[in-house]
1. Compute the Cα gyration tensor for region 4-66, then decide on rounded, prolate or oblate, letting a ≥ b ≥ c be the square roots of its eigenvalues: rounded whenever a/c is under 1.5, prolate when a/b is larger than b/c in the other cases, and oblate in all that remain.
2. Counting only C-alpha contacts under 8 Å and six or more residues apart, can you give the relative contact order of region 103-157 as a whole percent?
3. Which trypsin sites (Lys or Arg not before Pro) does region 132-214 hold that lie in a coil by DSSP with at most 16 other beta carbons within 10 Å?
4. Test of the criteria: in region 201-300, which GluC sites (Glu not before Pro) are in a DSSP loop and have at most 10 other Cβ atoms within 10 angstrom of their Cβ?
5. For Rg and Dmax of the Cα atoms in Å, the listed values are (1) 23.3, 74; (2) 17.8, 49; (3) 32.2, 105; which was obtained by calculation from the structure presented?
6. Using the Cα centre of the chain as the reference point, and only Cβ charges (+1 on K/R, -1 on D/E), how large is the resulting charge dipole? Debye, rounded to the nearest 20.
7. If I compute solvent accessible area with a 1.4 Å probe over the protein chains, what percent of it on the chain is carbon and sulfur?
8. Please list, ordered by chain and number, the residues whose modelled amide H lies under 5 Å from the amide H of residue 148; skip anything fewer than 5 residues away on the same chain.
Amino acid sequence: MTNLRQLDLNLLVTLDALLAEHNVTRAAQRLNFSQPSVSVHLAKLRDIFGDPLLLPGPRGMRPTARAEQLREPLRQALAALELAVAPSAAFDPAVAANTWRVAAFDYGESTIVLPALAGLRTAAPNTRLAVVETAPARIARQAEQGEIDLAFHTREGAPPNLRQRILFNERYVLAGRMGHPKLQKKLTLGQFCELEQVIVSPDGGGFFGITDQALAEIGLTRRVVLSVPHFLFVLSVLASSDLVAMLPERLLRNQSALQVVEPPVAVPGFEMTMLWPERSHRDPAHQWLREHIMQAVQGF
């Protein structure tokens, strides 16, 4: 039995040309080899397969029965190899039918996925997009195993073994319902701390966040009366009550029912990043999706 480790790919390419041309000289011209090189290759092939493969005939050379058995499987195998090593085809979004999966919190859905969606549907109408819940502890594994294509996460705490690109810088503002009586004048720190406030606690049930940390550093506390796990619920709460909340500014764009003011306490913002695995870094379709999202959020 022929051992694959004995085979040089060049020998198989030569055999394919010989089986097509039935002539050493023409095979050499086809391969841009010298005639002696092709003769040497043929001798090695005969030794490997234990068969003469090509015999002298009245019009060149005629293949043996073993060579005829090899002809079609060899052609198919070389064609598959050519396809495997060929440069990736350019991505055409107009005809693409990809299904992409991205992981995002509700904040990322509103500030990244939503701004990118209309353009995505226009440019790539046959593609599909699945948004799945982000589980920070599992992002790296999901990405590496192909369960997700992209994830959106703050730069702080993002898995270090994934590729990343900063989408934008975010800052916090104070929001309440339009016409809120306590938001019509510039707030003092004392007035701010007396307001009944909502906090988003992704882990559930927390009443202490980054704003409370900033206040604690100057010896103050605020009145947090409601803790919820999702940002979007907060928007409804603010619009229908006198509660207020410190929220990322981008989340409040186009929220006509809400009023936004500068808070009297400086709260550090954050960088929002797009994450993806090394395995898809050079994929043309993936590159197109990343660039589309980048342009969409910059224009939001």
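The values are calculated or read from the model by the stated rules, or taken from the named source; none is laboratory data. This is a predicted model, so every value here is computed, not measured. Heads up, the Cβs are rebuilt from the backbone with ideal geometry, glycines too, and the neighbour counts pull from every protein chain shown. What goes into the accessible areas is simple: the full protein's heavy atoms, side chains included, and nothing from ligands, DNA or RNA. Shrake-Rupley method; radii C 1.70, N 1.55, O 1.52, S 1.80 Å.
1. Oblate, since a/c reaches 1.5 and b/c is not below a/b.
2. Once normalised by length, the contact order is 56 percent.
3. Here the trypsin sites (Lys or Arg not before Pro) that fit, given the DSSP loop and packing criteria, are 155, 171, 185, 186.
4. Hits after loop and neighbour filter: 217.
5. (3)
6. 740
7. The value for the chain is 53 percent carbon and sulfur by accessible area.
8. 143
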